[in-house]
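*Asks:* Sending over a structure as structure tokens; questions will come in a sec.
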């Protein structure tokens, strides 16, 4: 990021060495750190990938930041090695080194690094991503609102509308997806028979996602995403995984972008290999 003049009074702003971004389906989160300490953070509505570079450089310019040593981006919708390389080149002027991951892979590395295990994401969308002991990836879900995302915030919101006899957009725009997914928070907090039934169904569908990637008992399942901020729902999923498959769960206690900013060595540099399509190995 280009620097600007020192602010009035001669006080030099504290500048980050690492900037990390988590771009999900609804929200965008940024953390900036220096020496392992977070010095700035931002959260707001998500932005198109094509607009992210200009937004980031404007964000840094307003704070008087020079170019960071490393930029780590975890984004929804980035899967292949070619995509990672293309976006890393596009953002290359924003930092001396740029690493690009899918948002679910960012969450995996935030808790497990390169260790084996399954990461279950339940936010606006849903996905299970497994890394086995040989470093191979298997994924399930993450197909988007038109093809599933079962058990996700979108799925819960859509089902709550259908069961209330209300219309659901057949071809939702990103704004409509976020608006429908926002209903999930109220459903998960509800105690009516309809809300409790929908909570149970959502949990069962998320458990099915995990089981479809054939997890191993000795490896953990990491729960991440906004739905797991609801403690009772998280416990429901944890209990089902334990009782049905003998699996133990870990929870991502902080946003993966915060961990990436504070502990960048936990996240591989360069262009990681492509992640597989649903059910495939890589």
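Read the figures in this text as sums done on the coordinates, not as results from a lab. What you see is a predicted model, and the numbers here were worked out from it, not measured in a lab. Because the Cβ atoms are built from the backbone with ideal geometry, glycine has one as well, and the counts that use them run over all protein chains shown.
*Asks:* For the chain, with a Gaussian network of springs between Cα atoms less than 10 Å apart, report the residue from 170, 202, 33 with the top mean-square fluctuation.
*Replies:* Between 170, 202, 33, it is 170 that shows the largest mean-square fluctuation.
*Asks:* Next up: For the chain, what is the mean residue ellipticity at 222 nm derived from helices alone (per DSSP H run of n ≥ 4: -39500 (n - 2.57); sum divided by total residues; nearest 500 deg cm²/dmol)?
*Replies:* Computed mean residue ellipticity for the chain: -11000 deg cm²/dmol.
*Asks:* Follow-up. Can you give the Rg to Rh ratio for the range 1-159, taking only C-alpha atoms and Rh from Kirkwood?
*Replies:* Ratio of gyration radius to Kirkwood radius for the range 1-159: 1.02.
*Asks:* What percent does the relative contact order of the range 114-251 come to when contacts are Cα pairs within less than 8 Å and at least six residues apart? Don't jump to the answer; show the numbers that get you there.
*Replies:* Numbers: 246 pairs, mean separation 39.3, N = 138.
28 percent.
*Asks:* Please report, to two decimal places, log10 I(q)/I(0) for the range 47-118 at q = 0.21 Å⁻¹ as given by the Debye formula with identical point scatterers on the Cα atoms and no solvent.
*Replies:* -0.95
*Asks:* Residue separation times 0.36 nm, minus the C-alpha to C-alpha distance between residue 51 and residue 201: what's the value?
*Replies:* 50.3 nm
*Asks:* Before anything else, pin down the relative contact order of the chain: Cα pairs under 8 Å, at least 6 apart, normalised by residue count, whole percent.
*Replies:* The value is 22 percent.
*Asks:* Starting from the alpha-carbon convex hull of the chain, give the projected area averaged over all orientations, in nm².
*Replies:* Mean projected area for the chain: 15.4 nm², to one decimal.
*Asks:* Can you give me the angle between helix 193-212 and the longest principal axis of the chain, using Cα atoms only, in degrees from 0 to 90, rounded to the nearest 10?
*Replies:* Compared with the principal axis, the helix lies near 70 degrees.
*Asks:* Could you work out which residue, out of 167, 252, 203, moves most in a Gaussian network model of the chain, that is, has the largest mean-square fluctuation with Cα springs under 10 Å?
*Replies:* Result for the chain, Cα springs under 10 Å: 167 fluctuates most.
*Asks:* Of the DSSP beta bridges with both residues in the range 59-191, give the percent that are antiparallel, rounding to the nearest 5.
*Replies:* Bridges in the range 59-191 that DSSP calls antiparallel: roughly 60 percent.
*Asks:* Over the chain, what is the percentage of antiparallel beta bridges among all DSSP beta bridges, to the nearest 5?
*Replies:* Details: 26 of 47 bridges.
Beta bridges within the chain, antiparallel portion: roughly 55 percent.
*Asks:* I've got another one for you. I need the fraction of alpha carbon pairs in the range 169-248 separated by more than 19 Å, rounded to a whole percent.
*Replies:* The answer is 44 percent, as a whole percent.
*Asks:* By how many degrees, between 0 and 90 and to the nearest 10, does the Cα long axis of helix 49-62 differ from the longest principal axis of the chain?
*Replies:* Helix 49-62 and the main axis of the chain meet at about 50 degrees.
*Asks:* Continuing with this model, one more query. Which of 228, 248 has the fewest other C-beta atoms within 10 Å, and how do the rest follow up to the most?
*Replies:* In order of increasing Cβ crowding within 10 Å: 248, 228.
*Asks:* Moving on to the next point. Work the Kirkwood hydrodynamic radius out for the range 111-219: mean of 1/r over every pair of different alpha-carbon atoms, inverted, in Å.
*Replies:* For the range 111-219, the Kirkwood estimate is 14.7 Å.
*Asks:* Considering only 262, 27, 193, give the residue with the highest GNM mean-square fluctuation for the chain, with springs between Cα atoms whenever their separation is below 10 Å.
*Replies:* Checking each option, the largest mean-square fluctuation is seen for 193.
*Asks:* Tilt of helix 81-90 relative to the longest C-alpha principal axis of the chain, in degrees (0 to 90, nearest 10)?
*Replies:* 40
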